Amino acid sequence: MTDTDTDTSPQGIPDPDGHHHAIETEYDIGQDNIEGSLGPFGFDIHNPVFLVSGVIVAAFVFFTLALPDQAGALFSTLFTFVTGTFDWFFLSVGNIVVLFCLALIVLPVGSVRLGGADATPDYGYVGWFAMLFAAGMGIGLMFYGVSEPMSHFSTALGGTTTGPDGLRTDWAPLGGAAGNEAEAVRLGMAATIYHWGLHPWAMYAVVALALALFSYNKGLPLTIRSAFYPLLGERVWGWPGHVIDILAVFATLFGLATSLGFGATQAANGLTVLYGTGAAEDGTRAFLGMPFGNAEASGVVDSGALLVLLITAITAIALISVIRGLDGGVKILSEINMGLAVLLLGFVLLAGPTLALIQTFFSSLLAYGEYLPALANPFGREDTNFVQGWTAFYWAWWISWSPFVGMFIARVSRGRTVREFLVCVLLIPSLVCVLWMSVFGGTAIQQFILDGYQGVADAPLELKLFEMLAALPLAGITSMIGIILVIVFFVTSSDSGSLVIDTITAGGKIDAPVPQRVFWCSFEGAVAIVLLLSAGGLSSLQSMVISTGLPFAVVLLALCLCIALGLRTERAAIKAATPAQ
Amino acid sequence: MFKHIMLPVDLAHPDKLNRALQVTGDLARHHDARVTFVGVTGPQPGSVAASPEGFAQKLAAFAAIQAEGLGLSMIETHPVTVPDPAADLDRALERAVHDLGADLVVMGSHIPRRFDLGSHGGRVASHTDVSVMLVRG
């Protein structure tokens, strides 16, 4: 590495805008790529990252299909083992990245600009924010917005129970709040915000910052391995780098497939409940003749047709979006999405118990501050079910999403300073999540406490949102908007994910031929369908998320170190250059 | 007949551009027309350059060399940065035709990319009112 303000690399690649510190490497972007064409379609793929990830994912899907019982058993063992054994590790990694990001905001290195000192942002605040939000949380907010605060509230209210082995058998966070409604609300909201606030966004921010820094300022290709240059040197272009990138592809693919699974299940449930016919108890509930959402006791098995249809339709929209590209597809959809989400949020806020909700927002923030140290404590916890079943799962899920969301955020964040970047990626989205959870969860909890409305308490997770909306005016319209939002969020995750996987498997090239994006987008849809319909359904997807999240948690820690090293040289270069001006 | 010829250039595959360059040179000399090279890139480091500014410099250097080889007094350059070059190329080229006020676009049929989901030359021809000449090779 050298300080450069003149010419940088052996290929004579010149500087980014203004002063910066480039990394000198022998590596040419695309040098390991295979270019060619298959019929009319051109391709430009990284060897071996593309092939290895493609083949292993295909083999995995085949195994799940061929041996469904063994696969199901293996997945559930894996899930229990990883969340049970490594819960402390996930929690600790989460805490470390949050502290790291907060430190960067206040330290002087926060003034470093991504893309060189004189770079200007590619996107305005609205488009930028819409994209990072739609990619980052999307479907989860729809799925868990009502159900999570409601669940934590009910379990906390139920208090603690201890099994014969002395371990807690309840799912309440911390010590619960048996019988104390007000405290149960505060604890439930604090636990939800803990899962949706600073911690997940810090995980995204670390990956995004690492990628943006090493790509825009150091001139390395936009793939995860580039961030490891300070630790691995030229070896990042060999197998250590291949492994990192392949891991990132797995994490992204399975993370996406899980979310697609959640999204499809929720949309299918919503459609059947709102527009379907028949009754769940008799096993006659169906949407357009496809049975779905019937009670287990009725003995009628759900038809996979509805899920397949939904995932196919949504993948098709995502395909149009990736073909149209970032500006013409992804950005437009993200903005539509944010508009609709704001509408729905505003409506629930006004139609719901407005004053109580505003109060909930502030009291939830306070409760978050109060309970955070206890919730974030990785050691000696007694609320085993909560820590392993909720927190550790979430952390693994966010971490497995982080290469995808991080890379996507990096792609649209050139020209921001580190401080501006972290405030916008960490603090603002966290606040928006608090607001969202307070309004959606708060309304449901109020409906339950004040009106004794059982719908929101009894409904399964994926239906709680619609139950909450049903008790407000204009339920027909808002539920429709809810379903559209689930579907569009689904699309915006799928298209941005395809762009990311495509870039990683093309060795950091962002201008690889469009058919490659089409391939990954369709492949994601196919994986989601196969895994959703196979033995374990969603639980097999969740286990895969957990298993890819674990190795990536280690990657996340290493990234913090790399960012620190990279920012130090960056700032030194700026300082060295300033007196000369 | 032609006053301003625009030639889209893919710096990643300059070897495929030879025939289009020859044609451009011949036409420019014959009609005494200006020539502008248009290059499209993304904000991220790519195989050509580490940044849009680097890309612009490479495009200018390429144009200087070609001007000498083709016997033209000068070739102007028009580098364009778009968020997603693989998808935004067609629109970027259309806009460049407009911005430059070019009256002829010469394109290598594999330049700037091979045919991926449609022909770039065909699209430029159908979306602008200028003459488009596709040079196979």
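Closer than 30 Å to A:Ala59 by Cβ, in a helix (DSSP H, G or I) and modelled with pLDDT of 80 or more, is that true of A:Ser498? So A:Ser498 passes the test.
Would you please name the residue that is farthest from A:Asp165 (Cα to Cα), looking only at residues in the range A:375-385 that are part of a helix (DSSP H, G or I) and more than 20 Å from the chain's Cα centre (by Cα)? So, considering only residues that are part of a helix (DSSP H, G or I) and more than 20 Å from the chain's Cα centre (by Cα), the one farthest from A:Asp165 (Cα to Cα) is A:Leu375. Of the residues making up the range A:177-206, those that are out of contact with any Leu (no Cβ under 6 Å at 6 or more places or on another chain), touching a residue at least 40 places away in the same chain (Cβ under 8 Å) and either more than 21 Å from A:Gly369 (Cα to Cα) or assigned to a loop (DSSP other than H, G, I, E, B) (or both) are A:Gly197, A:Tyr204. Of the candidates A:Val500, A:Val491, A:Val486, the single residue that is of a type in the set (A, V, I, L, M) and within 14 Å of chain B (Cβ to nearest Cβ) is A:Val500. Only residues that are assigned to a loop (DSSP other than H, G, I, E, B) and among the polar types (S, T, N, Q) were counted across the range A:87-125, and they come to 1. The set of residues in the range B:86-112 being in contact (Cβ under 8 Å) with a residue 40 or more places away in the chain and among the aliphatic types (A, V, I, L, M) consists of B:Leu89, B:Ala92, B:Leu93, B:Ala96, B:Val97, B:Leu100, B:Ala102, B:Leu104, B:Val105, B:Val106, B:Met107, B:Ile111.
A single member of A:Leu372, A:Leu319 is under 23 Å from the mean Cα position of the chain (by Cα), at pLDDT 90 or above and part of a helix (DSSP H, G or I), and it is A:Leu372.
Looking at the structure I just gave you, is A:Ile336 touching a helix residue (DSSP H, G or I) at 6+ places or on another chain (Cβ under 6 Å), part of a helix (DSSP H, G or I), over 20 Å from A:Phe86 (Cβ atoms) and more than 14 Å from every other protein chain (Cβ to nearest Cβ)?
no
Against the test of being away from chain A (no Cβ under 12 Å), over 22 Å from B:Phe2 (Cβ atoms) and free of Cβ contacts under 8 Å to residues at least 60 places away in the same chain, the options B:Pro45, B:Pro83, B:Pro79 yield a single qualifying residue, B:Pro79. The conditions of being of a type outside the set (Val, Ile, Thr) and in a helix (DSSP H, G or I) are not met by A:Pro221. Scanning the range B:6-39 for residues that are closer than 14 Å to B:Gly121 by Cβ and part of a strand (DSSP E or B) turns up B:Met6, B:Leu7, B:Pro8, B:Val38.
Of all residues in the range B:90-133 being among the hydroxyl-bearing types (Ser, Thr, Tyr) and modelled with pLDDT under 75, which is surrounded by the most Cβ atoms within 10 Å (Cβ to Cβ)? Checked the range B:90-133; the qualifying residue surrounded by the most Cβ atoms within 10 Å (Cβ to Cβ) is B:Ser109.
When the residues of the range A:100-152 are filtered to those that are in contact with a helix residue (DSSP H, G or I) (Cβ under 7 Å, 6 or more places away or on another chain) and of a type in the set (S, T, N, Q), the one that is farthest from A:Thr443 (Cα to Cα) is A:Ser111.
Rundown of residues vs (1) modelled with pLDDT of 85 or more; (2) within 22 Å of A:Thr354 (Cα to Cα), yes/no style:
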| residue | (1), (2) |
| --- | --- |
| A:Ser413 | no, no |
| A:Ser430 | yes, yes |
| A:Trp436 | yes, yes |
| A:Val439 | yes, yes |
| A:Tyr453 | no, yes |
| A:Leu463 | no, no |
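Just one of the listed residues (A:Val530, A:Val545, A:Val514) is of a type in the set (Val, Ile, Thr) and over 27 Å from A:Gly389 (Cα atoms), namely A:Val514.
The values are calculated or read from the model by the stated rules, or taken from the named source; none is laboratory data. Everything quoted here is computed from the prediction, not taken from an experiment. Using ideal geometry, Cβ is built from the backbone for each residue, glycine included, and neighbour counts are taken over all protein chains shown.
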